[in-house]
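Notes to accompany the following structure.
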Amino acid sequence: MRLSPTKRVLVNLVALVYIVVLVFPVVLMFLNAIRTEAEIIQFPVALPHVVTTENFVEIFRESSFMDNLWNSFSVSALTVCLTIIVAAPAGYAMSRFRFRGKRLFSAWLLATQAFPGIIMVLGVFMLFRTYGLLNTRLGLVIMHTSFSVPFSVWLLKGYFDGIPAALEEAAMIDGCTHLAALVRIILPLSVPGLLAVATFSFLLSWNEFFFSLVINRAERLLTLPVFLSRFLGVGGMVRWGPLSAAALLATIPALVLFMLGQRYLVSGLTGGAIK
Amino acid sequence: MSEYGMRRVGEGRQAIPFLLPTILIMCAINLYPFINGMVRSLHSFRIMSQEFTYTGLRNFRLLLQDELFWRAFLNSMTWVATCISAQFVLSFVLALVLNSRELIARRVVRTLALIPWAMPPVVVALTWRYMLADRGPLNALLGVLGVANPPSWLLDPSVALWACILVTVWMNIPFMTVMLLAGLQSVERSLYEAAAIDGANFLQTTLRVTLPAIKKVALVVVTLMSIWTFNMFDIVFVLTNGGPGNASITLPLFAYQNAFFYYQMGYAAAVGIVMMACLLLLIVFYIRQVLE
């Protein structure tokens, strides 16, 4: 195809507009983390005149931020582990076994992604109250795992489908069980798929808001999104400096993980899950 | 692809232990709460006695007479329809740009364009609460551009819902773009070459070649995003909390307020059931598309 200069300019111009619109608000917000409250109010769009660290000092000293950061991190990390432990065998069964109700099971997994949270949340609340899981990390981990498992099973099934069965067959002739075949042969070959699941489930847990808001009321056990939402007082007065500092620190881990894992996540999304 | 799997002889009973952890956790945190919610929708919660009493379809009858429910319902419909169509157009253009051979520094552009996707939705909502504040950055910029009376985005009842839509579109563009881009990348170059030889212009090529070629991916992603957008809670909750004066209330928020401020759990569950009914066709369509 011929390359026309007008087209070249147009394409890059449009790209530039998109980038500005998609990135500029984020930069502005996060600049507030190092600006003073007076400056933020007086100059909405400006670089900091004075760089300050007082916002960070304040959230570390005067709020439960450290606890919430650690809480979010541990819940997300445990959700990743539990998701893989639960979803990998199911993905394997979906890929390798023939069983009755397979279509129904697949349909159920897909349908769960569409259930309105409000129907579920009351039941989860009652269940957790009965078993003493309200205001516990374990409760959050189990809940987040149940959200990430359906998609993860689906994604891993797609990934396992691409691995020739001949490898396991050879091993099984030597007396290897299905479980051993999964752990020793399939999983080591599925590292990109597992990374996709890890990225997906970590971000899901890290970002999840609605259920965490309802299930968890103890201040020290709040996850970061709920902690952040509490900055908005009833009167509508918001102190943007400390809030931006906290929001920045809550976003960095997600952003870093996303940048590292996006390659796997995107190929997992477009390959296995949505064909 | 699954031909590999079919040939293997793992059968029936052997699959059970592999499926069991998934089935257990999904029954506990998905199936049980779902059934529980359905049953709740036929009950009313009495705060005095802290008990649920069976009231049949009363919640649904009350719902039909509740003006606020209808406002939330209409808002939700506007919200989904506008979000999805705007997202689709904007994401499609961005995907075309990212797929173009003429784009400079494609990897950098692509990575930067994904940033909103990587942010926690609550942070997205907070960012825009700042951007859209009365004397915030957006209105300051509009002022510089000579707009005399920029709207009071989050405080004007006629604008608030549109502000929520704007933010949701902004947040969801990256995901949809990635999906459409994957579709575009799988279209064979020869199709475009054939179109070029026939003298088709850009618009003709887009409508007759590109869109039909990515139809399947586009349908699945539009369906999925419609469902997610319909159920979305965090953006509106943080941005306007349904206000001012319930102007931007959507169904999830309406249900949440009923459940946790007025303790009308049965009523809230009924809202959930109505939402589920609205989604049913989309869900069936989505499952069929993916399982096909």
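The values are calculated or read from the model by the stated rules, or taken from the named source; none is laboratory data. The shown structure was predicted, so the numbers you read here are calculated from the model rather than taken from an experiment. Glycine gets a Cβ as well: all are built from the backbone with ideal geometry, and neighbour counts include every protein chain shown. Ligands, DNA and RNA are stripped out before the accessible areas are found, and what is left, the full protein with its side chains, is counted by its heavy atoms. Shrake-Rupley method; radii C 1.70, N 1.55, O 1.52, S 1.80 Å.
May I ask you to derive the relative contact order of chain B, considering only C-alpha pairs under 8 Å and at least 6 residues apart, and to give it as an integer percent?
Values: 290 pairs, mean separation 78.4, N = 292.
Relative CO of chain B lands at 27 percent.
How large is the helix-only mean residue ellipticity at 222 nm for the protein assembly as shown, computed as the sum of -39500 (n - 2.57) over DSSP H runs with n ≥ 4, divided by its residue count, in deg cm²/dmol to the nearest 500?
-22500 deg cm²/dmol
Determine the sum of side-chain charges near B:W228: Lys and Arg each +1, Asp and Glu each -1, restricted to other residues whose C-beta is under 14 angstrom from that of B:W228. Working shown, then result.
Working: positive: none; negative: A:E208, B:D234.
Net charge around B:W228: -2.
Cα centroids of the stretch B:140-171 and the stretch B:12-62: how far apart, whole angstrom?
So the separation of the two Cα centres works out to 41 Å.
What FRET efficiency do you get for B:R46 and A:I173 if R0 is 51 Å and r is their Cβ-Cβ distance, rounded to the nearest 0.05? Write out the running numbers ahead of the final one.
Values: r = 65 Å, r/R0 = 1.28.
Result of the calculation: an efficiency of 0.20.
Shielding by partners for A:192-202, please: the mean number of other protein chain Cβ atoms within 10 Å of each residue's Cβ. Let's see the in-between values first.
On the way: counts 0, 0, 0, 0, 0, 0, 0, 0, 0, 0, 0.
Going residue by residue through A:192-202 and averaging, the value is 0.
Peptides B:266-273, B:229-236, B:52-59, B:80-87: what's the order by average Cβ count within 10 Å, highest mean first?
On the way: B:266-273: 26.9, B:229-236: 23.8, B:52-59: 13.8, B:80-87: 19.4.
The most tightly packed comes first, giving B:266-273, B:229-236, B:80-87, B:52-59.
Restricting the calculation to Cα positions, tell me the Rg (one decimal) and the Dmax (whole number) of chain B in Å.
According to the Cα coordinates of chain B, Rg and Dmax are 23.5, 77 Å.
When Lys and Arg each count +1 and Asp and Glu each count -1, what net charge do the other residues less than 13 Å away from A:N12, Cβ to Cβ, add up to? Kindly include the intermediate steps, with their values, before the conclusion.
Values: positive: A:K7, A:R8, B:R101, B:R106; negative: B:E102.
With Lys, Arg at +1 and Asp, Glu at -1, the neighbours total +3.
With an 8 Å Cα cut-off and a minimum separation of 6 or more residues, compute the relative contact order for the stretch A:1-77 in percent. Mind dumping the intermediate values first?
Working: 26 pairs, mean separation 15.8, N = 77.
It comes to 20 percent, rounded to a whole number.
Dipole of the stretch B:1-128, Cα-centred, from +1 at each Lys and Arg C-beta and -1 at each Asp and Glu C-beta, to the nearest 20 debye?
Values: 12 positive and 6 negative charges, 52 e Å.
My answer is approximately 260 debye.
In the protein assembly as shown, with Lys and Arg counted as +1 and Asp and Glu as -1 at Cβ, which of these residues, A:M259, A:F43, B:L126, has the Cα nearest the positive end of the dipole, that is, farthest along it?
About the Cα centre, the residue reaching furthest to the positive side is A:M259.
Enter the buried accessible area of the A/B pair, total of both sides, probe 1.4 Å, in Å² rounded to the nearest 100.
Details: alone 16490 and 18180 Å², together 25270 Å².
Rounded to the nearest hundred, the buried surface is 9400 Å².
Positive end of the dipole of the protein assembly as shown, charges at C-beta (+1 Lys, Arg; -1 Asp, Glu), about the Cα centre: which of B:T22, B:P244, B:A255 has its Cα farthest in that direction?
The one lying farthest along the dipole's positive direction is B:T22.
Is the shape of the stretch B:60-174 rounded, prolate or oblate, going by the alpha carbon gyration tensor and its root eigenvalues a ≥ b ≥ c, with a/c under 1.5 for rounded and a/b larger than b/c for prolate? Walk me through the intermediate numbers first.
Details: a/c = 2.37, a/b = 1.42, b/c = 1.67.
Here the stretch B:60-174 falls in the oblate category.
Suppose a student asked you for the relative contact order of the stretch B:34-151, using Cα pairs under 8 Å spaced at least 6 residues apart; what percent would you report? Let's see the in-between values first.
Values: 44 pairs, mean separation 10.2, N = 118.
Answer for the stretch B:34-151 is 9 percent.
Given Cβ point charges of +1 (Lys, Arg) and -1 (Asp, Glu) and nothing else, what value in debye, to the nearest 20, does the dipole of chain A about its Cα centre take? Provide the component values of the computation, followed by the final result.
Working: 20 positive and 12 negative charges, 185 e Å.
The dipole magnitude comes to about 880 debye.
Given the options B:G136, A:P116, B:L112, identify the residue whose Cα lies farthest towards the positive end of the charge dipole of the protein assembly as shown (+1 on Cβ of Lys, Arg; -1 on Cβ of Asp, Glu).
My answer, from the dipole projection, is A:P116.
Which residue fluctuates most in the GNM of chain A (Cα springs below 10 Å): A:W154, A:W206, A:W70?
The residue that fluctuates most here is A:W70.
Sorted from largest down, what three extents in whole angstroms do the Cα atoms of the protein assembly as shown have along their principal axes?
So the extents along the principal axes, rounded to whole Å, are 77, 76, 49.
I'd like the distance separating the alpha-carbon centroids of the stretch B:193-216 and the stretch A:1-36, in whole Å.
That distance is 27 Å.
Indicate the helices, whole DSSP H runs only, in chain B that combine a mean Kyte-Doolittle hydropathy of 0.5 or more with a Cα extent along their long axis of 18 angstrom or more.
On the way: long enough: B:12-26 (20 Å, 1.27); B:67-99 (47 Å, 1.30); B:160-185 (38 Å, 1.72); B:215-231 (24 Å, 1.24); B:265-291 (35 Å, 2.08).
In chain B, the long hydrophobic H runs are B:12-26, B:67-99, B:160-185, B:215-231, B:265-291.
Where the centre of each part is set by its Cα atoms, how far does the stretch B:81-125 sit from the stretch A:115-192, in angstrom?
Distance between centres, Cα-based: 30 Å.
Say a paramagnetic label sat at a point 7 Å from the Cα of A:R137, along Cα to Cβ; which residues of the stretch A:41-85 have their backbone N under 16 Å from it?
Within reach of a label on A:R137: A:65-83.
Determine the dipole magnitude for the stretch A:7-65: charges of +1 sit on the beta-carbon of Lys and Arg, -1 on that of Asp and Glu, nothing else is charged, the reference point is the Cα centre, and the result goes in debye to the nearest 20.
Numbers: 4 positive and 5 negative charges, 113 e Å.
That gives the stretch A:7-65 a dipole magnitude of about 540 debye.
Please give me the summed charge of the neighbours of A:R263: other residues whose Cβ is under 15 Å from its Cβ, Lys and Arg +1, Asp and Glu -1.
+3
Quick one: how many lysine pairs in the protein assembly as shown have C-alpha atoms under 27 angstrom apart, if they're 8 or more apart or on different chains?
Lysine pairs, 8 or more places apart or on different chains, close enough: 9.
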